[in-house]
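Every number here is computed from the coordinates shown, using simple stated rules; none is lab data. Treat the numbers as computed from the prediction; the structure is a model and nothing was measured. Here Cβ is always computed from backbone atoms with ideal geometry, including for glycine, and neighbour counts include all displayed protein chains.
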Amino acid sequence: MTTQPLVNPSISLQPAPQPPAQVVLENLVKEYGSLRALGGVSFNIASGEWIALMGPSGSGKTTLINILGGLDTATSGRVVVNGQDITRLSESDLVRYRAEKIGFVFQQFHLVPYLTALENVMLAQYFHSVTDESQAVEALKRVGLADRLEHLPTKLSGGEQQRVAIARALINQPKLILADEPTGNLDEANEDIVINIFRELHQSGHTILMVTHDVDIARNASRRIELTHGHLTLDTTCNFLEQPKLCPHGKPFPSSGCCSTLDPKSCTP
Ligand SMILES: Nc1ncnc2c1ncn2[C@@H]1O[C@H](COP(=O)(O)OP(=O)(O)OP(=O)(O)O)[C@@H](O)[C@H]1O
Ligand SMILES: [Mg+2]
């Protein structure tokens with residue numbers, strides 16, 4: 001009698017390989033004098049993830065996003081983006097990093113008040129060429145503002161201003177979009193429009209780290225990270241919207257639909 005192997009040898013029992021991290025935060029510390037805004041935060045971001053960054057006021061969300069975007073410097077720790085440790089960059093290299101790799105969207109839009117929508121977008125273009133204007137027009141069309149090109153910010157609604165800011169963030173085709181409460185100043189209708197743009201960006205493969213206080217908005221993201229007093233206190237990945245397909249530890253999702261990135265056991269179905 002021949003004995004059959006209990007497990008089909010062609011089926012690998014190894015966890016599925018995880019995509020390489022686009023961003024690695026390692027023991028990130030930020031001190032303002034005696035105040036510790038970030039007390040040693042570590043996590044990775046995979047390419048194409050949409051992460052909702054949450055936590056109470058003053059917990060360090062903006063501080064983290066500003067350091068990751070090269071707008072502020074860390075006291076210690078490492079921030080590696082696409083293999084490059086940005087904590088070691090010179091000021092001029094940081095300018096280049098911000099312009100080429102990062103798209104920022106802020107709660108307060110930060111448009112230049114005396115420039116038109118088109119000029120605000122063109123101002124952010126890093127590689128100046130004769131095609132500049134047509135690319136900027138395309139970016140504004142993408143956010144539904146083809147008929148607002150020549151408007152000054154004061155002649156635009158809050159939602160329209162935020163869409164100009166998103167077009168400006170996208171103009172250099174950044175790998176990483178950092179958004180700090182992008183719907184914080186918008187009414188519900190404009191919030192929907194802006195979140196739909198982020199959905200499209202996510203579907204087209206952009207990596208998004210978005211600060212929000214709104215649980216409904218956070219539900220659009222596949223992963224939620226929470227900070228409390230500068231420490232990472234929650235990191236949950238869910239298969240809402242059927243993505244991603246696997247838990248961070250390479251196993252199928254548990255029936256609850258969510259698992260903790262911090263605890264491999266939580267991935268066991
Ligand atoms: N430039 C600064 N100088 C001194 N302290 C600062 C500075 N920026 C931030 N802080 C402090 O660091 C802590 C974290 O601030 P941060 O702005 O990152 O919080 P947050 O989570 O974004 O809060 P919110 O939800 O209110 O925007 C707070 O205690 C804040 O007062
Ligand atoms: Mg903030």
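Residues with amide H under 5 Å of residue 76's amide H, sequence separation 5 or more or different chain, H placed in the peptide plane at 1.01 Å from N; which?
Amide H neighbours of residue 76, under 5 Å, 5+ apart: 29.
Please give the net charge around residue 266, taking every other residue with its beta carbon less than 12 angstrom from that of residue 266, where Lys and Arg add +1 and Asp and Glu add -1.
Working: positive: 251, 265; negative: 235, 263.
Around residue 266, the charge tally is 0.
So for the chain: antiparallel DSSP bridges make up what percent, rounded to the nearest 5?
Numbers: 25 of 43 bridges.
Around 60 percent of the beta bridges assigned by DSSP in the chain are antiparallel ones.
Determine which lysines satisfy two conditions relative to residue 101: a Cα distance under 19 Å, and not lying fewer than 8 residues away in the same chain.
175
In whole Hz, what ³J(HN,Hα) sequence does the range 29-40 give by Karplus (6.51, -1.76, 1.60; θ = phi - 60°), x for Gly and Pro?
Whole-Hz 3J(HN,Hα) from phi for the range 29-40: 10, 10, 10, 10, x, 8, 8, 9, 6, 10, x, x.
What full-extension length gain, to one decimal in nm, is calculated for residue 192 and residue 219 as 0.36 nm per residue of separation minus the Cα-Cα distance? Don't jump to the answer; show the numbers that get you there.
Values: separation 27, 0.36 × 27 = 9.72 nm, distance 1.32 nm.
Roughly 8.4 nm would be gained on extension.
State the answer as a single residue: which of 207, 253, 149 lies farthest towards the positive end of the charge dipole of the chain, with beta carbon charges of +1 for Lys and Arg and -1 for Asp and Glu, about the Cα centre.
Final value for the positive-end residue is 253.
Per residue of the range 115-123, what does 6.51 cos²θ - 1.76 cosθ + 1.60 with θ = phi - 60° give for ³J(HN,Hα)? Whole Hz please, x for Gly and Pro, Karplus curve as stated.
Result, ordered by residue: 10, 5, 4, 4, 5, 4, 6, 5, 4 Hz.
Given a Förster radius of 30 Å and the C-beta distance between residue 85 and residue 231 as r, what FRET efficiency does 1/(1 + (r/R0)^6) yield to the nearest 0.05?
Numbers: r = 22 Å, r/R0 = 0.75.
My answer for the efficiency is 0.85.
Please report the spacing between the Cα centers of the range 179-199 and the range 53-72 in Å, no decimals.
19
Just tell me which lysines come within less than 19 Å, Cα to Cα, of residue 155; anything on the same chain fewer than 8 places away is out.
Straight-distance partners of residue 155: 141.
From the Cα gyration tensor of the range 170-246, with a ≥ b ≥ c the square roots of its eigenvalues, which class applies: rounded if a/c is under 1.5, or else prolate if a/b is larger than b/c, or else oblate? Let's see the in-between values first.
Values: a/c = 1.39, a/b = 1.15, b/c = 1.20.
Judged from the Cα gyration tensor, the range 170-246 comes out rounded (a/c under 1.5).
5 Å is the cut-off here: which amide hydrogens, built 1.01 Å from N in the peptide plane, fall below it relative to residue 22, excluding neighbours closer than 5 in sequence?
Correct list: 45, 46, 47.
Nearest 10 degrees, 0 to 90: what angle lies between the long axis of helix 158-170 and the longest principal axis of the chain (Cα atoms)?
Tilt relative to the chain: about 70 degrees.
Quick one: angle between helix 132-142 and the longest Cα principal axis of the chain, in degrees between 0 and 90, rounded to 10, please.
So the inclination is approximately 60 degrees.
Looking only at chymotrypsin sites (Phe, Trp or Tyr not before Pro) in DSSP loops with at most 12 other Cβ atoms within 10 Å, what is the longest site-free stretch of the chain? Please report the intermediate quantities before stating the final value.
Numbers: sites that count: 114, 127.
That would be 128-269.
If you filter the range 128-230 for GluC sites (Glu not before Pro), then keep DSSP loop positions with at most 13 other Cβ within 10 Å, what is left?
Details: sites: 133, 138, 150, 160, 188, 191, 200, 226; in loops: 150.
Listed in order of number, the matching sites are 150.
Under 5 Å between amide H atoms, partner at least 5 residues away or on a different chain: which partners does residue 234 have, H built in plane at 1.01 Å?
Amide H neighbours of residue 234, under 5 Å, 5+ apart: 226.
In the neighborhood of residue 103, defined by Cβ-to-Cβ distances under 13 Å, what is the net charge if each Lys or Arg adds +1 and each Asp or Glu adds -1? Walk me through the numbers before you get to the answer.
Details: positive: 98, 101, 142, 168, 175; negative: 100, 180.
Around residue 103, the charge tally is +3.
Could you work out the helix-only [θ] at 222 nm for the chain, with each DSSP H run of four or more residues adding -39,500 (n - 2.57) and the total divided by the number of residues, to the nearest 500 deg cm²/dmol? Before the final figure, lay out the partial values.
On the way: 7 runs with 70 residues, N = 269.
After summing the helix terms and dividing by residue count, I get -7500 deg cm²/dmol.
Measure nothing but the geometry: give the 0 to 90° angle between the long axis through the Cα atoms of 91-101 and the longest principal axis through the Cα atoms of the chain, rounded to 10°.
Tilt relative to the chain: about 80 degrees.
Which whole-Hz couplings ³J(HN,Hα) result when phi for each residue of the range 66-73 is put into the Karplus expression 6.51 cos²θ - 1.76 cosθ + 1.60, θ = phi - 60°, listed in order with x for Gly and Pro?
These are the phi-based 3J(HN,Hα) values: 5, 5, 4, x, x, 8, 9, 10 Hz.
Could you work out how far apart the two model spin labels at residue 75 and residue 251 are, taking each label as a point 7 Å from the Cα in the direction of the beta carbon, and quote it in nm?
Taking the simple label geometry, residue 75 and residue 251 are separated by 3.8 nm.
If you add up the charges near residue 37, with Lys and Arg at +1 and Asp and Glu at -1, over every other residue whose beta carbon is less than 15 angstrom from its beta carbon, what do you get?
Numbers: positive: 30, 36, 61; negative: 31, 72, 180.
Overall, the nearby charge balance is 0.
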